There are 4 protein chains.
Amino acid sequence: MDQPATQSSFSPRDPEWERRCRESFARQHYMRFIGGALTALAPGRCSVEVALKPELTQQRGFLHGGVTAALADTAAGFAAYSLMPAGSSPLTVEFKINLMAPAVGERFVATGQVVRGGRLLSIVDTEVFAVSGGRSKPIAKMLATLICMEGTPDRAAD
Amino acid sequence: MDQPATQSSFSPRDPEWERRCRESFARQHYMRFIGGALTALAPGRCSVEVALKPELTQQRGFLHGGVTAALADTAAGFAAYSLMPAGSSPLTVEFKINLMAPAVGERFVATGQVVRGGRLLSIVDTEVFAVSGGRSKPIAKMLATLICMEGTPDRAAD
Amino acid sequence: MDQPATQSSFSPRDPEWERRCRESFARQHYMRFIGGALTALAPGRCSVEVALKPELTQQRGFLHGGVTAALADTAAGFAAYSLMPAGSSPLTVEFKINLMAPAVGERFVATGQVVRGGRLLSIVDTEVFAVSGGRSKPIAKMLATLICMEGTPDRAAD
Amino acid sequence: MDQPATQSSFSPRDPEWERRCRESFARQHYMRFIGGALTALAPGRCSVEVALKPELTQQRGFLHGGVTAALADTAAGFAAYSLMPAGSSPLTVEFKINLMAPAVGERFVATGQVVRGGRLLSIVDTEVFAVSGGRSKPIAKMLATLICMEGTPDRAAD
């Protein structure tokens, strides 16, 4: 397959990568809906977080597994997108997530790290932590595959 | 491991399975938040659906992958929970989802089917369809593992 | 993404698909090594099987999970390859497998069925059964993603 | 769920953990069959490796994906087993593996690291590297879930 970037050599292919990622995140209605924020961004790495709110919980009062997955998927997506060329768009092919511990906390932080950044496919390792009173505990781990759609601007058609 | 029920022999262990599932679904704040509805329920099988709304979309106007995953995870959870004994609670150990096609449609239906219903672990196969103008198209497929927490009522402590 | 074939409309892109698949299988040294046989082949569908032998077991005498995975991965690969164009080659991007029951049996049959056959990506659902005395029992389920490498003949360079 | 050990605090529950792991590995017929060796072992961590041989290859001359998966599954299994109590046995519930690059090399090393070591469930992160002429390159990444079977000695019945 294509020659992937290795973890120690991630350099963005688009000098405008950071502006492009932040603008794309700002267009994610769903992230705004749940109160998600992009809190860290570097080439091949991204953190997204959300505060606990009653409307994001399941029947036992923990963060819904689907919200944990959405946070992790979003962090993975922008970690991969940061390395993609101008004019392209990331698409999640698939992901697998282990919900390792009950999602109990004041806020939740997902951090995605690209482990293979190929021209076509990216593989991203993402961890989610629950934070309470300054203490942080791992609650989930995701392994995801994304594809780079070239010539597909990352926005809805006007 | 424990002797699993096979797909053709699913019979609920709790005569109150249906009431218990419907009450538990009603306590899912997050499902209410996104407008999710439980639209079909049988022993070992469950469908959950949601209508497209702008606040559930990602930057390109499709249903956010995290919402697709939440729908599928919820359908899988209630499919498994329908076969669990009274006084227990389902917990998603992990799931893997393939997002097979862009989530374009008027509404989205996830249907989970238990493929192995053991005393401790359940394995559930779930498909998600996008529906538009009466036509239905598969957009995602999930394979999930759940665990039965006995002696753990499926609700938040009062 | 590309327009995928749906499950009801699988027709091979290469009239020589069957010969090509059988020749490729015959070149799999590892399948010969473990005694694997291609026992069924249709467009988008493939079965591979192996008989139990002591050298394929783990410490408790069951088929090793890695052999179960290899069987399923091979069935998935040829199910996908049957739909790919001439001159191409399938590559497994990733798979997830649930080992649902102990792999106890006389022989083991993996059957892969393409659920999405795109120009670039294929998604294959595979089940593995243990067969003993004419009775068959499901022991594993796999969900896999494969990519079509065009212009890459499916053989080692001479 | 049960209180898991965190990555920094792994201490074996069985003082005989190392002997028990090495004896169990020695009973794996399949590892002997492919020439696999246990090359590193610590509480919560294990490496297994194999040299390239023609009989372990697929049709293009690379290590068969099923062998890569078997190596990674075995490393994950012993990483988890090292933390389990006496008289128990590890069982792989499921795993997901990304085959990130062609498996080209002289030998292949899989290293599993427990990321959550619960009383019942263990989650293990495993990487596989190809080694050639002293250089090492990542070729696969696995995320696996294992269950501890208490009261089930890790061996075939006599």
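No value in this document is a laboratory result; all are computed from the given coordinates. Only a predicted model underlies this, so the values are computations on that prediction, with no experimental measurement involved. Note: ideal-geometry Cβ built from the backbone for every residue, glycine included; neighbour counts use all protein chains shown.
Worth pointing out:
- Helix-only CD estimate at 222 nm, as mean residue ellipticity for chain B, using -39500 (n - 2.57) per DSSP H run (n ≥ 4): -6500 deg cm²/dmol
- Minimum Cβ-to-axis distance in chain C for the rotation onto chain A, with residue, whole Å: C:96, 3
- Listed cross-link partners B:141/C:96; B:96/D:141; A:96/B:141; A:141/B:137; B:137/C:96 are compared with a 21 Å cut-off, the Cα-Cα value being larger for A:141/B:137; B:137/C:96.
- For chain C, the calculated P(r), taken from all Cα-Cα distances in 10 Å bins from zero up to the bin holding the longest distance, is 12, 42, 32, 13, 1 percent.
- Translational diffusion of the protein assembly as shown, µm² s⁻¹ [Kirkwood Rh, Cα pairs; Stokes-Einstein; 4 °C; 1.567 mPa s]: 53
- Annotation for residue C:16, label-to-label distances across the other copies: 4.6, 6.1, 6.7 nm (shortest first, one decimal, point 7 Å from Cα along Cα→Cβ).
- Order of A:155, B:13 - criterion: other Cβ atoms within 10 Å of each residue's Cβ, fewest first: A:155, B:13
- Between the Cα long axis of helix C:17-26 and the first principal axis of chain C there is an angle of about 40°, rounded to the nearest 10.
- Against chain D, whose longest principal axis is taken from its Cα atoms, helix D:65-81 shows a tilt of about 20°.
- Estimated dipole of chain B in Debye, rounded to 20 [Cβ of Lys and Arg +1, of Asp and Glu -1, Cα centre]: 380
- From phi via Karplus (6.51, -1.76, 1.60), per-residue ³J(HN,Hα) for region D:106-119 in Hz, x at Gly/Pro: 7, 8, 9, 10, 10, 10, x, 10, 5, 9, 8, x, x, 5
- Label distances, nm, residue D:137 versus same residue in remaining copies, Cβ-directed 7 Å point: 3.8, 4.2, 4.4
- Copy-to-copy label separations for residue B:106, where each label sits 7 Å from Cα toward Cβ, in nm and ascending: 4.6, 5.5, 6.5
- Neighbour counts of other Cβ atoms within 10 Å put A:121, D:71 in the fewest-to-most order A:121, D:71.
- Computed from phi, the 3J(HN,Hα) profile of region D:123-134 under the Karplus parametrisation 6.51, -1.76, 1.60 (θ = phi - 60°) reads 10, 10, 9, 10, 10, 10, 10, 9, 10, 9, x, x Hz, with x in place of Gly and Pro.
- Take each residue in D:144-151, count the other chain C-beta atoms within 10 Å of its C-beta, and the mean is 3.
- Charge dipole (debye, nearest 20) of the protein assembly as shown; +1 at Cβ of Lys and Arg, -1 at Cβ of Asp and Glu: 0
- Neighbour-count ranking [beta-carbon atoms within 10 angstrom, fewest first] of D:141, B:53, B:96: B:53, D:141, B:96
- Across the options D:122, D:151, D:35, the greatest Cα extent toward the positive end of the charge dipole of chain D (unit charges at beta carbon of Lys, Arg, Asp, Glu) belongs to D:35.
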